[in-house]
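What follows is a single structure, written as structure tokens, with notes after it.
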Amino acid sequence: MASDILSQVITEIKESSYSKFSLQFDESCDVASCAVLLGFVRYVHQDRIKEEFLLCENLLTTTKGEDVFNIINSFFTKNGLDWNSVQQVSVDGAPAMMGGHRGLRGLIQAVNPEISVDHCIIHRYSLGSKSLPGNLKLVFEDVLKIVNFIKSRDVNSRIFKELCKEMGEQYQVLLYHTDVRWLSRGKVVHRVIELRKAIQEFLEQKGSPFPTKFTDKEWLARLCYLADIFAELNSGNLQLQGRNTTVIDAHHTVAAFLGKLRLWIRRLEKGVIAQFPTLDQFIEENSHDTGSLLQIINKEMSDNLKELGTSVYHYFPESDQKAAGLQWITHPFSIPAKKEWITMRANEALEIEFQS
């Protein structure tokens, strides 16, 4: 980071009209296996919330909580920043970061117990949304095998691309799935659905055992459901991101998603699938099999939604209460003027947190 830019950021933090600022840290290895610590800061400058890149340092040996803390503490000392001015720190859920004694959280709170150290909300949401049981998991694994079969060899990729062009498809390539890319599951499944005719033709030409999957109505119905639920999860993930996203927005997004899951479960009990447009269209196109097809996958979808809700709630046990408790900020005139609201601390009202 250029020294003049860093100097400007440090100056703005120190001159801020609001004395507190928040931090976000993440440690990860790059393609060269070098451990890197990245830090971002959120602060108030000229009555406007700003987010800036703060530091990037190499972890030369181990990546323990003590190593991370020493780098941050040294940066604070060098630039004249005070731990007493830190209000919130967001980190990933690794033990080195969230450990209460020797982890970064414990070491920071040993310096200033008033600092709140939280597990990144987007990371928690991603972990909670990984629930995928039974046949749905098998379908997704089949999708990954199909994609890898086509993309693992350059010649397969080239032939498939030309086939897609000949068939007039909108896209000519499939997408890889990567766990660390939180939106990739939905994109991979959607692309497979869009190119399913070309994929089936290509696999038949190659003598693969997978073409039969694309004639299996139950398999395709499950695939369509996965496309819809992954799209909803991706939408929620994107809503948690952005420069102007606050902890208030994040908790409302999570609470709204949990509310949707409850509503969808009740709808499935009545046989309603309009909330899943890709699946709804597929069922309509195969109306002669509608009854049996819905009966087979309905329970699987309901079980998945229940397990998904349980998993997300495990990572956000406070979501509904937090969203309701922050309502006085978003809708101040809808909250009665009770004593507990009037006496709430100013710092709680002005809390600034990272969501990424």
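The values are calculated or read from the model by the stated rules, or taken from the named source; none is laboratory data. Values in this document were obtained by computation on a predicted structure and should not be read as measured data. We place every Cβ from the backbone using ideal geometry, glycine too, and count neighbours over all the protein chains shown. Protein only, heavy atoms only, side chains kept; ligands, DNA and RNA dropped before computing areas. Shrake-Rupley method; radii C 1.70, N 1.55, O 1.52, S 1.80 Å.
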**OP:** Return the only residue of Leu127, Leu107, Leu55, Leu132 being part of a loop (DSSP other than H, G, I, E, B) and crowded, with 16+ Cβ neighbours inside 10 Å.
**Re:** Leu132
**OP:** Go through (1) open to solvent by less than 70 Å² (accessible area, probe 1.4 Å); (2) part of a helix (DSSP H, G or I); (3) touching a residue at least 12 places away in the same chain (Cβ under 8 Å); (4) not hydroxyl-bearing (Ser, Thr, Tyr) and name the single condition Lys145 misses.
**Re:** (1)
Original post:
Under the condition of being over 25 Å from the mean Cα position of the chain (by Cα) and of a type in the set (Gly, Ala, Ser), which residue from the stretch 173-220 is nearest to Leu163 (Cα to Cα)?
Top reply: Ala198
Original post:
If the Cβ limit is 9 Å and pairs must be 6+ apart or interchain, which residue in the stretch 262-274 that is under 12 Å from Gln295 (Cα atoms) pairs with which residue that is in a loop (DSSP other than H, G, I, E, B)?
Top reply: Leu268/Gln275
Original post:
Of all the residues that make up the stretch 1-52, how many are open to solvent by 30 Å² or more (accessible area, probe 1.4 Å), more than 18 Å from Thr245 (Cα to Cα) and part of a strand (DSSP E or B)?
Top reply: 5
Original post:
Which residues, taken from the stretch 255-290, are part of a helix (DSSP H, G or I), over 18 Å from Ala231 (Cα atoms) and of a type in the set (Val, Ile, Thr)?
Top reply: Ile283, Thr290
Original post:
If you check Gly93 against the conditions, is it in contact (Cβ under 8 Å) with a residue 24 or more places away in the chain and within 29 Å of Ser16 (Cα to Cα)?
Top reply: no
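Taking the stretch 234-261 as the search range and keeping residues that are touching a Gly at 6+ places or on another chain (Cβ under 7 Å) and not polar (S, T, N, Q), which one is surrounded by the most Cβ atoms within 10 Å (Cβ to Cβ)?
Of everything passing the filter in the stretch 234-261, Phe257 is surrounded by the most Cβ atoms within 10 Å (Cβ to Cβ).
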**OP:** Go through the stretch 172-194 residue by residue and tally those that are of a type outside the set (A, V, I, L, M, F, W, C), touching a helix residue (DSSP H, G or I) at 6+ places or on another chain (Cβ under 6 Å), within 19 Å of Ser152 (Cα to Cα) and open to solvent by 40 Å² or more (accessible area, probe 1.4 Å).
**Re:** 3
